[in-house]
Amino acid sequence: MRTLRRKIYMIAGYNTISMGSGRKEFNPKKERPGIEEYVKEAGQAVLKQIGGAANVDECVIGNFIAARFNRQANIEGFFPYIDEGLKFKPCIRVEGACGTGALALATGIRSILAETAEVVLVLGVEVQNTVKAIYGADILAAAGWAKERKDGHAYFFPGKFSDRAGAYYEKFGKEKTRKAMAKWYVNAIENARLCPTAQEFHNTTKDLNAQGMAEPNPRGFVDNLNVFDCSKVSDGASGIAIVSEEGLKRCGISTKDAVEVISFGQSEYDITKAPSDLTKLETTADAVKKALSMACITKDQIATVECHDCFTIAGIMAIEAIGFAAHGEGTDFVLEGNTSRTGKVPFNTTGGLVGWGHPTGATGVHQAVTILEQLTGKAGNAQIEIPKDKPFGLSVNMGGDDKTLVAIVYKKLN
Amino acid sequence: MNYTEKLENVTVLGAAGKMGSGILLLTAIEMADLSMKPENKGKQFILYALDISQTALSGLMKYMQTQILKAAEKKVVALRKVYAEHRDLIDNSEIINQYVMDVMSIIRPVTTIESAYESNIIFEAASENPELKIKMFSQINQNNKNKPWFLTNTSSIPIAHLDKEAKLEGRILGVHFYNPPAVQKLVEVIKSDNTKPEIVEFAKQFIKNLRKTEVPSYDFAGFIGNGHFMRDALHGMSEAQKLTKEMSFIEAVYIINKITQDYLIRPMGIFQLIDYVGVDVCQYIMKVMNPYVKDEEIHSPLLDKFMELGVRGGQNHDGSQKDGFLKYEKGKPVAIYDPDKKQYIAITEYAAKCDAKLGDLPKSILPWKAVVGNPNKEVIFRNYFKELNSMKTLGAELAKEYAKRSKNIGLKLVSDKVAYNEKDVNTVLLTGFFHAYGPINDYLN
């Protein structure tokens, strides 16, 4: 497929609050909303914008692992719970670990391309604060190969990316890399402070850089990352509608309130194999290359990127994988300010995974909602300037340790 | 016998009490960790939890389980390495649960003292009663062929006295944990002239493995911690008595408690601290200390009066505060006991009036919470006490007086040869009482 055979749009985005430590409302000792409440909030908010459930042809929900966090499977069954009008509609749930959200988007896109639907309601959800982080680490480890769990770190995924960070320090120097990781953290929190749904919206820390530079503590955590290098444990849901031209009309939405999806790239890596180079995100590079090639654009036409910074080091490696900097120079790119909100290409303008939050199965959808808001001028205090000659946005969602990848290119209309 | 061999068979006396349960927890974890080292494979480690009440022991075992679980969750990074060979334990949850079981399997709850006859180490955390301690020690010592080492948690009784009366031939050391032992970093270590050096060496290693801070004290009744606290409490009570010439008793207690908490930037006021420790415990410790102190009277008629009235403070089993001088709601003082009316009177009724008497608060005052972990606290305290020094309000005068007295108590502990040096006094107050600054300072010079 060289280009998409139909025009595809995304409209009507919505994010719940990313709930968890850092939010003033969050109290781990008190009962909190269940997964169905998050699904309902996001689902109803999208339906309200697109003229109700009657306009929906199909539904897709992304969820990583509610079967363990919430003892809940078969969660497509929540669509009719959102709205009775969705009863008997075709619904499906997809899963690809932390890359689940964008897999849900890709599934919705395919329904439009296949002409089985003109309007697809896409949601992503994860509610993870049901267990302590140390037990959540067991659950999230399922994103890797189960046979590696036994010899992995107690905090399995931080352990994986700590090894990547260690390899990067070794190859390109620890001091500069740590500085760039801290800068990434500062950018993430400063952006999150501008977005009321962000988990770090209430963050008031004065010296963020000092926090980011804190020396890793291998005794209590991992060798090469501190806790500020990591995205937090989050509860949240995001929703969006994927529509054809006909669907756009049906929902009564003007193109100024929509973005066009001009391409997407998907790529998969063998889950039983270690990366061939710990300092590179090869699968990410492959998915982005496919997406840019299908879009027939270059990276220089991209106004903003939502990348998968589950860890600060992953953000830096993503810069290199996308091609904004050469291998080993992603650190300079960040330190020179290129990824900050006034930089050459602002990354993760509402905080990304580190700042906004990482409700795993929802993250890919959240990224699309953020780009939709930025390209339609609806990002509120977090709004960045979209230059006329750079009408494109890019999202990159990653499942596991660079295993399940989806990159999507969006275009600003009018 | 080396360190590990010594720890193969241990008894904790008074294991179900507040201090005993904490010491049991720390010891059980240390023993379990030793048992899991490859070189100790096949060795049997046994820890007797000895107490008189079966009910209390049942509660203790539940408490142990939850506390060991908490400890395991904190150290799971290390535990994954310990259990690396157990291929069937994969998730953190499986490893944590196995560890809890392994630690629990070392502990034997018992009610008969005979169990202690086979132990190498006896930790003692029974009530602060010299006769009781001596009786248990000599009984165990006469029947135990291992020449056991006695580590007593006494907070006030001279070690030499226990040694002599129980005929332990120097096999005793004071190892005084602070409440609650699982959390508090400080351990006061007290050797008598007769204490065998091997025991001191053992304790050093043990405390280090527990990641606690050791502060040595001379073998003088009350040691450093209670040496300071009891005198500080007596001063607080006598200051309150003085104030009753001009105001009611409850107002005076309110004022002194406020001075010692807010003005002196301490974690709690002196009356709250007395309640925390327990009116009965304070009275008992003073009774133990008093005969050894020649130039002062360590005795409080006010404590006697409250004991007679049945107002005792102390803590419930879940760690919540019982009412004493003050009445507590959700851990915060809300009323003060009036011994004449025999009832608690709400603080809101007289707080404003008392605050007005004390005068304006110093502008640079900060709550203890905001300062205790502040890296700039030295500068903050210097500025604060400078301002306090320049003020003439009743509040400032009382606070200065109190701080000077606290300092003098500390200095006297050094000159009386209770503490080895000034730094040790400050360390005890900083780590054992969570003060944000040591009492021996030059802030008011």
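The values are calculated or read from the model by the stated rules, or taken from the named source; none is laboratory data. Keep in mind that what you see is a predicted model, and the values were worked out from it rather than measured. Cβ sites come from the backbone with ideal geometry, for glycine too, and all protein chains shown count toward neighbours. Accessible surface areas use protein heavy atoms only, side chains included; no ligands, DNA or RNA. Shrake-Rupley method; radii C 1.70, N 1.55, O 1.52, S 1.80 Å.
For a quick check of your reading of the filter: which trypsin sites (Lys or Arg not before Pro) in the range B:1-99 sit in a DSSP loop and have no more than 10 other Cβ atoms within 10 Å?
B:LYS41, B:ARG87
Within straight-line reach of B:LYS164, meaning a Cα separation under 22 Å, sit the following lysines at least 8 residues removed in sequence or on another chain: B:LYS133, B:LYS135, B:LYS145, B:LYS147, B:LYS191, B:LYS196, B:LYS287, B:LYS294, B:LYS417. Applying a DSSP loop filter and a limit of 14 other Cβ atoms within 10 Å to the GluC sites (Glu not before Pro) in the range A:1-59 leaves A:GLU25, A:GLU31. Scattering from the protein assembly as shown was approximated by placing one identical point on each alpha carbon and applying the Debye formula without solvent; log10 I(q)/I(0) at 0.06 1/Å stands at -0.54.
The GluC sites (Glu not before Pro) of the range A:80-179 that meet both conditions, a loop assignment by DSSP and at most 15 other Cβ atoms within 10 Å of the site Cβ, are A:GLU115. Per residue of peptide A:212-225, the mean number of Cβ atoms on other chains within 10 Å of the residue Cβ is 1. For the protein assembly as shown, the share of DSSP beta bridges that are antiparallel, to the nearest 5, is 55%.
Under a 10 Å cutoff between Cα atoms, tell me which one of A:VAL222, A:VAL365, A:VAL120 has the largest fluctuation in the Gaussian network model of chain A. Of A:VAL222, A:VAL365, A:VAL120, the Gaussian network model singles out A:VAL222 as fluctuating most. Normalised size of the range A:1-137, defined as Cα radius of gyration per 2.2 N^0.38 Å with N residues, equals 1.11.
Note on chain B: antiparallel DSSP beta bridges, both residues inside, total approximately 35 percent of the bridges counted. Annotation: cysteines of chain A without a disulfide-compatible partner (Cβ-Cβ under 4.7 angstrom) are A:CYS98, A:CYS195, A:CYS230, A:CYS251, A:CYS296, A:CYS307, A:CYS310. Taking every residue in B:87-99 and counting other chain Cβ atoms within 10 Å of its Cβ, the average works out to 4. Determine, from the Cβ-Cβ distance of B:LYS294 and B:GLU85 and an R0 of 51 Å, the FRET efficiency 1/(1 + (r/R0)^6), rounded to the nearest 0.05. Here the calculated transfer efficiency is 0.25. Against the empirical curve 2.2 N^0.38 Å, the C-alpha radius of gyration of the range A:1-65 lands at a ratio of 1.52.
Calculate, in whole percent, how much of the Cα-Cα pair population of the range B:132-272 lies beyond 25 Å. I get 43 percent for the Cα pairs in the range B:132-272 exceeding 25 Å. Among B:ILE52, B:ILE270, the sequence by solvent-accessible area, most first, with a 1.4 Å probe is B:ILE52, B:ILE270. Take the accessible area of B alone and of A alone, subtract that of the pair with a 1.4 Å probe, and the total buried over both chains is about 1300 Å². Counting only lysines at least 8 places from A:LYS289 when in the same chain, those with an alpha carbon closer than 26 Å to its own are A:LYS7, A:LYS160, A:LYS171, A:LYS273, A:LYS280, A:LYS299, A:LYS344, A:LYS388, A:LYS390, A:LYS403, A:LYS411, A:LYS412. In chain B the Cα-Cα distances spread across 10 Å bins starting at 0 as 4, 20, 28, 25, 16, 7, 1, 0 percent of all pairs. Counting only protein heavy atoms and a probe of 1.4 Å, the accessible surface of the range B:3-217 is 52% carbon and sulfur. Rounded to whole numbers, the Karplus 3J(HN,Hα) couplings from phi for the range B:241-258 are 4, 4, 5, 5, 5, 10, 8, 6, 4, 5, 5, 5, 5, 4, 5, 5, 5, 5 Hz, using 6.51 cos²θ - 1.76 cosθ + 1.60 with θ = phi - 60°, and x at Gly and Pro. Its Cα gyration tensor gives the range B:225-432 an equivalent ellipsoid. The semi-axes, each the square root of 5 times an eigenvalue, are 25, 23, 17 Å from largest down.
Pairs to check: B:LYS185/B:LYS392; B:LYS18/B:LYS327; B:LYS41/B:LYS74. Give those whose C-alpha atoms are more than 26 Å from each other in this structure.
Exceeds cut-off: B:LYS185/B:LYS392.
Take the Cα of A:LEU413, go 7 Å toward its beta carbon, and the backbone nitrogen atoms of the range A:88-128 under 17 Å from that spot belong to A:109, A:112-113, A:118-122.
Taking R0 as 60 Å, what's the FRET efficiency between A:GLN383 and B:GLU165 from their Cβ-Cβ distance, rounded to 0.05?
E between A:GLN383 and B:GLU165, to the nearest 0.05, is 0.15.
Residue ranking by accessible heavy-atom surface, 1.4 Å probe, largest first, among B:VAL200, B:VAL372 comes out as B:VAL372, B:VAL200. Rolling a 1.4 Å probe over the heavy atoms of the protein chains gives chain B an accessible area of 45 Å² per residue.
Here the accessible area of the range A:199-334 is 52 percent carbon and sulfur, with a 1.4 angstrom probe and all protein chains present. Normalised by residue number, the volume inside the convex hull of the Cα atoms of the range B:3-217 is 111 Å³ per residue.
With the simple model of a label 7 Å out from the Cα in the direction of the Cβ, B:THR393 to B:THR244 spans 2.6 nm. Comparing B:LEU24, B:LEU430, B:LEU50 in a Gaussian network model of chain B, where Cα atoms under 10 Å apart are tied by springs, the biggest mean-square fluctuation is seen for B:LEU430.
Over all directions, the average projected area of the alpha-carbon convex hull for the range A:312-402 comes to how many nm²?
Its Cα hull, projected and averaged over all orientations, spans 6.1 nm².
The three principal axes of the Cα atoms in chain A give end-to-end lengths of 55, 49, 42 Å, sorted in falling order. With helices as the sole contributors, the protein assembly as shown gives -12500 deg cm²/dmol at 222 nm; each DSSP H run of n ≥ 4 counts as -39500 (n - 2.57), and the sum is divided by every residue.
Listed values for the range A:141-157 are Karplus-derived 3J(HN,Hα) couplings in whole Hz (6.51 cos²θ - 1.76 cosθ + 1.60, θ = phi - 60°), namely 4, 4, 6, x, 6, 4, 5, 8, 4, 3, 8, x, 6, 3, 8, 4, 6, and x replaces Gly and Pro.
Protein heavy-atom surface of the range B:225-432, 1.4 angstrom probe: 53% of the accessible area is carbon and sulfur, with nucleic acids and ligands not counted.
For chain A, set up a GNM with springs between Cα atoms under 10 Å and report which of A:THR255, A:THR272, A:THR283 has the largest fluctuation. Checking each option, the largest mean-square fluctuation is seen for A:THR272. With both residues required to sit in the range B:172-277, DSSP beta bridges show an antiparallel share near 45%. Put simply, the amide H of A:SER263, placed in the peptide plane, has neighbours under 5 Å in A:VAL409, leaving out anything fewer than 5 places away on its chain.
For a straight C-alpha distance cut-off of 13 angstrom, the aspartates and glutamates reachable from B:LYS43 (same-chain residues fewer than eight places away being disregarded) are B:GLU5, B:GLU8, B:ASP33.
Burial here means at least 40 square angstrom less accessible surface with every protein chain in place than with the chain by itself, probed at 1.4 Å; in the range A:146-191 the buried residues are A:ARG149, A:LYS150, A:ALA154. Stretching the chain fully between B:GLN315 and B:ASN194 yields a gain of 40.0 nm (0.36 nm per residue, less the alpha carbon separation).
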